[in-house]
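Trainee: One structure, pasted below without further comment.
A short reminder: the numbers here are calculations on the coordinates, not readings from a lab. As the structure is a computational prediction, the values presented were derived from the model and not from experiment. All Cβ positions, glycine included, derive from the backbone under ideal geometry; neighbour counts span all protein chains shown.
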Amino acid sequence: MDFQALYAHLQAQGAAGLGGCDEPRAKDPEDKQDKGRAGDPFVLVAVEQLPAFLQLCRDDEALGFEVLIDLSAVDPAAEDEDLWLVIQLLSLRHRHRLMIKSMVPKATPCAPTVAPVYRAAQWHERECAEMFGITFEGHSDPRHILLPEDWVGYPLRKDYVFPKEYRGVSCE
Amino acid sequence: MLDVKTQDLEVNMGPQHPATHGVMRVLVRTDGELVTGAQPHLGYLHRAAEKIGENVEWLQYLPYTDRYDYLAAMNNNLGYSLAVEALMDIEIPRRAQMIRVICAELNRIASHLVAYGTYGLDIGAFTPFLYAFREREWILMLFEKICGARLTYSYIRIGGVFNDAPPGWLDEIGHFCDVFEDKWREYVDLLMMNKIFVERTAKVGVISKEMALDFGLTGPMLRGSGVDFDLRRDCPYMIYDEIWQAGAYEIPVGTGEQGVLGDSWDRFYVRVQEMLESLKIVRWCLANIEEGPTIGELPKTLKVPAGEAYVGIENPRGELGHYVVSDGGKVAVRCRVRGPSFVNLAVLEDLLPNTLLADTVAIIGSTDIVVGETDR
């Protein structure tokens, strides 16, 4: 299925938390400020409904997303109020992909874990948590994965300040 | 016998252990010879590639891509270039696409040769390693001729490739293909069908199809479990679809012919067979390559249109994904790297318990990870 068909199918199934979609579009020639938007389309999903939404994606025959390829986050800008949680799904039998985006407020960066639906998410969530400070509620193993346990701050946030020293070793 | 409870012992494999192929540590809990728990600890090689991606210009990031899966740097260059090109309106010349495919597939052979050689090394067969490195050396020499580097190429660029192949280079590739095909048969006889090797790897570390999908495994790890899926055929990028339509290559899938479907031997045999398929793709390209430009028209300062794109390509170890976000400027907003080794490694947590300690090395080796990529 192409993206439009996928989106229509998700709507018809009453997918939990589905909140619109975003598709690439050309630049508006009238509007000088408009930059247009290139790349891939995605669907927007309410963050607290993610596990239920992914469950549908996995179990619905027509969607058939067997594999969670990637889960990561984006901090679009320091002044933005939300982080994006971005998930890439892949269906092997139908050979289509879906990008899912959820907004996670920086004030309360919480998301439910999706590891019970796709085990693949477990390590991605650990990485996401240490890099962006998102707490995954219900995560079975919330340790750091790439960074030391005592690392201060969330490196991939745009307002991250590089440390001056680590355990007495100067980083400058 | 397994009912006898002895005291649990925690063994640290690594971070400096030859079987971890880099600096990675696996904390193994054992009860006698039986492994009761395993916990991979990574991060020793974390170099913050994604953070660097947000701080350097689009083109400047390319050399950093070489350094995650350093055994398949051409493929990494390709994955990143395709992701950036997905945001741009740019036409890649046909000759550039052909050279890209030749380099990516030769690099796949080189990478699988290392996998083959070191796997033998891991479980006690030293000789195949020397054979594998002999042929790999040849490929590295060919790469050196085309781009000057042996390991970190930065040759495949946004818009095409850095320069055209030097005179006679394509003929040398043809010669390599002819010689390698015979050598390949030696490899199969020497290691893959060797009775000791089969006994050590067949029925060891069995990954079922369901488990492979749940863990998001890709590449030979997935195909070893009998799932017939390859991004080059099923989500084609560049000219792979055309090559598939021409019937130039096949997708090897695990069959369980020496033991159980999805065991370590199956995963390994998929890799070994893939070398031959890559060779066929290279041959097809050599037969169909034409003269022409090798890089599209790019502005001096590269500005990428606002938007976001995810592109996954078939790396030797699985799906290498780049998720890039641009706000229209000279620098990326986000440059996410989905490394196949990182995802494939996670399966150890469930795969190692209830195996024998002696099989641990055979199982870790069969995942064929590159630590540069798990840690990025």
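Trainee: Give me Rg over Rh for region B:8-375, both radii from the alpha carbons and Rh done the Kirkwood way, two decimal places.
Mentor: 0.97
Trainee: Then there's this: In peptide A:81-88, how many Cβ atoms from other protein chains are near each Cβ within 10 Å, on average?
Mentor: Per-residue shielding by partner chains comes out at 2.
Trainee: Quick one: what are the phi-derived ³J(HN,Hα) couplings along region B:38-51, Karplus 6.51/-1.76/1.60 with θ = phi - 60°, whole Hz, x for glycine and proline?
Mentor: Listing the rounded values in order: 9, 9, x, 10, 10, x, 5, 10, 6, 10, 6, 4, 5, 5 Hz.
Trainee: In addition: Sort B:His322, A:His139 so the one with the fewest other Cβ atoms within 10 Å of its own Cβ comes first. Numbers along the way, then the final one.
Mentor: Numbers: B:His322 25, A:His139 18.
Placing the least packed residue first, the sequence is A:His139, B:His322.
Trainee: Rounded to the nearest 0.05, what FRET efficiency do B:Leu356 and A:His9 give with R0 = 30 Å and r taken as the Cβ-Cβ distance? Could you check?
Mentor: 0.05
Trainee: Treat every Asp and Glu Cβ in region B:142-244 as -1 and every Lys and Arg Cβ as +1, leave all other atoms uncharged, and give the resulting dipole magnitude about the Cα centre to the nearest 20 debye.
Mentor: It works out to roughly 440 debye.
Trainee: Something else about it: Defining a contact as two alpha carbons under 8 Å apart and six or more residues distant in sequence, what relative contact order in percent does region B:329-376 show?
Mentor: 57
Trainee: What average count of beta carbons from other chains do you get within 10 Å of the Cβ of residues in A:119-126?
Mentor: On the way: counts 9, 9, 2, 4, 10, 5, 0, 1.
Rounded to a whole number, the mean comes out at 5.
Trainee: For A:Arg25 and A:Thr108, calculate 0.36 nm times their separation in residues minus their Cα-Cα distance, and state this gained length in nm to one decimal. All intermediate terms of the calculation are to be shown ahead of the outcome.
Mentor: Details: separation 83, 0.36 × 83 = 29.88 nm, distance 3.19 nm.
Separation in residues times 0.36 nm, less the Cα-Cα distance, equals 26.7 nm.
Trainee: Let me ask something additional. Between region A:36-63 and region B:166-223, what's the alpha-carbon centroid distance in Å?
Mentor: Each part's Cα centre sits 36 Å from the other's.
Trainee: Order of B:Glu54, B:Glu242 from fewest to most other C-beta atoms within 10 Å?
Mentor: B:Glu242, B:Glu54
Trainee: Springs between alpha-carbon pairs under 10 angstrom, Gaussian network model over chain B: which of B:Glu137, B:Glu291, B:Glu199 fluctuates most?
Mentor: B:Glu291
Trainee: Starting from the 7 Å offset along Cα-to-Cβ, what nm value, one decimal, do you get for the label separation of B:Ala149 and B:Val11?
Mentor: Result for the modelled spin labels: 3.8 nm.
Trainee: Can you compute the FRET efficiency between B:Glu181 and A:Arg93 using 1/(1 + (r/R0)^6), with r the Cβ-Cβ distance and R0 = 45 Å? Round to the nearest 0.05. Before the final figure, lay out the partial values.
Mentor: Values: r = 34 Å, r/R0 = 0.75.
Using R0 = 45 Å, I get an efficiency of 0.85.
Trainee: Now a separate question. Can you give me the relative contact order of chain A as a percent, contacts being Cα pairs under 8 Å and 6 or more apart? Write down the numbers at each step before the final one.
Mentor: Numbers: 296 pairs, mean separation 27.8, N = 172.
With pairs under 8 Å counted, the relative contact order is 16 percent.
Trainee: Any chance you could get the radius of gyration and Dmax over the Cα atoms of the protein assembly as shown, in Å?
Mentor: 23.1, 80
Trainee: I've got another one for you. For B:Phe215, A:Phe3, which order do you get if you count the other beta carbons within 10 Å of each Cβ and list the fewest first? Could the numbers behind the result be given before it?
Mentor: Details: B:Phe215 27, A:Phe3 18.
Listing B:Phe215, A:Phe3 from fewest to most nearby Cβ atoms yields A:Phe3, B:Phe215.
Trainee: Moving on to the next point. Taking every residue in A:62-70, how many Cβ atoms of other protein chains lie within 10 Å of its Cβ, on average?
Mentor: Whole-number average of other-chain Cβ neighbours for A:62-70 is 5.
Trainee: What does the extension gain come out to for B:Glu291 and B:Glu172, with contour length at 0.36 nm per residue minus their alpha carbon separation?
Mentor: Working: separation 119, 0.36 × 119 = 42.84 nm, distance 1.71 nm.
Value of the extension gain: 41.1 nm.
Trainee: So, one more: What pairs from A:Lys32/A:Lys101; B:Lys300/B:Lys330; A:Lys158/B:Lys300; A:Lys32/A:Lys106 go past 23 Å between their alpha carbons?
Mentor: A:Lys32/A:Lys101; A:Lys158/B:Lys300; A:Lys32/A:Lys106
Trainee: What relative contact order, as a whole-number percentage, does chain B give when Cα pairs under 8 Å and 6 or more residues apart are counted?
Mentor: Result for chain B is 27 percent.
Trainee: Also: For B:Lys195, list the lysines whose Cα falls under 17 Å from its own Cα; do not include residues on the same chain fewer than 8 positions away.
Mentor: B:Lys203
Trainee: Given B:Gly329, B:Leu286, B:Leu276, which one lies farthest toward the positive end of the charge dipole of region B:250-376, if we put +1 on the Cβ of every Lys and Arg and -1 on the Cβ of every Asp and Glu?
Mentor: So the residue we want is B:Gly329.
Trainee: Another one. Can you work out the Karplus-derived ³J(HN,Hα) for every residue in region B:169-176? Use 6.51 cos²θ - 1.76 cosθ + 1.60 with θ = phi - 60°, whole Hz, and x for glycine or proline.
Mentor: With the stated coefficients, region B:169-176 comes to 5, 5, 5, 5, 4, x, 4, 4 Hz.
Trainee: On to the next question. How big is the gap, in Å, between the Cα center of region B:262-307 and the Cα center of region A:85-136?
Mentor: 29
Trainee: Quick check: the distance between the Cα centres of region B:89-160 and region B:315-376, to the nearest angstrom?
Mentor: Distance between centres, Cα-based: 19 Å.
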